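What follows draws every value from the coordinates through simple rules; no lab data is involved. Predicted model only: the values in this text are computed from it and were never measured. Here the Cβ is made from the backbone with ideal geometry for all residues, glycine too, and neighbour counts use every protein chain on show.
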Amino acid sequence: MQFFERAGPALVGMEACSGSQWLARKIAAMGHTVRIIPAQFVKPYVKSNKNDIIDAAAIAEAVTRPTMRFVELGSPEHIDLQALHRVRDRMMSQRTCLINQMRAFAWNMGSLFTRAPASSRLICRGFWPISRMI
């Protein structure tokens, strides 16, 4: 960050990663133009074995291309909302997997119960004893 504070306004290119949005906002606040490039668009510009110096050269070449597509810099609020949606999607997926696994265990023991998540919640919370299903 000290380097960018001392440097004059410049075009800064970086590969998209987990911290690139935060870093791009910090650098842009210092007066620089920041462009984030998706990793799959940088890869064609890597000339030999992958290392930090070769990656930096590939990013520098990719950022100057006139037809390159860049990642839009998101606001912290937008990124927070996107994170909430992704976490909720993951929770729903894991819940579905758990319900299906419980049904398979019960079926393996000769018992069946409905596919409805409501009845599965009763089993999970202990309102319906497992011994009743067997």
Fill in the blank from the handout: Each label sits 7 Å from Cα toward the beta-carbon; between L11 and T33 the label points are separated, in nm, by 0.6 nm
Fill in the blank from the handout: Any GluC sites (Glu not before Pro) in the stretch 7-76 that lie in a DSSP loop and have at most 14 other Cβ atoms within 10 Å would be E72
Handout entry: Principal axes of the stretch 1-49: Cα extent on each, largest first, Å
Key = 32, 20, 15
